[in-house]
């Protein structure tokens, strides 16, 4: 029976230590979680600035709901584009320095919309091998030729671009890689895009709000022009991580945004996001812009964690971001260490293949500006004991 085949495959996942488990939180997003009635310090969340439960965002969402209701009622191109959406797009354009932005319901949908709208059959996409699943899926949907270069290997990318005869070329990369926490060499990638007449599509899900002056993201981190960004850059920022709410936006040249508005299927054929979320995000952008103290706290906590584990057998990847992977290696050992931490009241996810390469199972420590030094010290002490 076909459902028995599924059960056999599920059994195989469990035997290999690859079956995922979903937990239900009984408290709002924050450093203090509660699961099955048990209090935990959470190092799982992508709420990097601690804004998901911030009173200013809550009040803005409540005021937005009172003024605009809950649902948008339609797709943006029919009747679901409300004044809060328009205001947020303009605010995001000013904040990022791009001429125009376009809101999407999620970052996944944004990526699935961008790539197939810009390239297709006869074109080529050059993608970093460690790109997020949404970018991998976007290339498959586009039907363009897929060329994957070794992680961060710009020399290999240059050779691929030089030998390509594709009509249109697109370089596709995460800005901050979600499982390693390292940064793409964006200035070099932009130089290659200029040299080989290619698009550069940048997914800054984990950099927006955290990196660069005023939290403007990875482009600002590398001091790429803020007031006159290259028209070759198509920049995607997620609003469900450091921004503390949900959704995503694409920032680009005016013609690119208009083309996506007309042709990105994940924009055209889906209901617009809730207007109350747009109101909350407008408040979030103000806090991000004024959030230097939060970002400084985040950097301090990362240094504390790295210094505390430096003399242990755990290997940390060279991440300058809020994502701090602790490499374990074996799937079952990663699960055992995560379970031991959980018993100590510390919630850190074990990440295993296929999310990461075989033999590189890890603990993915996600820090937040809402964490305290005492909470990070608890994690460091527990990991030192387990080492």
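The values are calculated or read from the model by the stated rules, or taken from the named source; none is laboratory data. Not measured: the values here are computed from a predicted model. Cβ: placed from backbone, ideal geometry, glycine included. Neighbour counts: every protein chain shown.
Observations
- So residue 276, is it over 30 Å from residue 14 (Cβ atoms), in the same structural domain as residue 59 (by TED's automatic domain parsing) and at pLDDT 95 or above: yes
- Summed over the stretch 232-244, the residues that are assigned to a loop (DSSP other than H, G, I, E, B) and over 30 Å from residue 53 (Cβ atoms) give a count of 1.
- Some residue of the stretch 248-256 being within 22 Å of residue 77 (Cβ to Cβ) and assigned to a loop (DSSP other than H, G, I, E, B): yes
- Residue 71, sole failed condition from (1) within 30 Å of residue 253 (Cβ to Cβ); (2) in contact (Cβ under 8 Å) with a residue 12 or more places away in the chain; (3) more than 19 Å from the chain's Cα centre (by Cα): (1)
- Checklist (1) out of contact with any strand residue (DSSP E or B) (no Cβ under 6 Å at 6 or more places or on another chain); (2) modelled with pLDDT of 95 or more; (3) surrounded by 22 or more Cβ atoms within 10 Å (Cβ to Cβ) applied to residue 234, failing item: (1)
- In the condition set (1) touching a residue at least 40 places away in the same chain (Cβ under 8 Å); (2) in a loop (DSSP other than H, G, I, E, B); (3) over 26 Å from residue 175 (Cα atoms), residue 378 is compliant with all but (2).
- Selection of the stretch 307-326 for residues being touching a strand residue (DSSP E or B) at 6+ places or on another chain (Cβ under 6 Å) and surrounded by fewer than 17 Cβ atoms within 10 Å (Cβ to Cβ) yields 315, 317.
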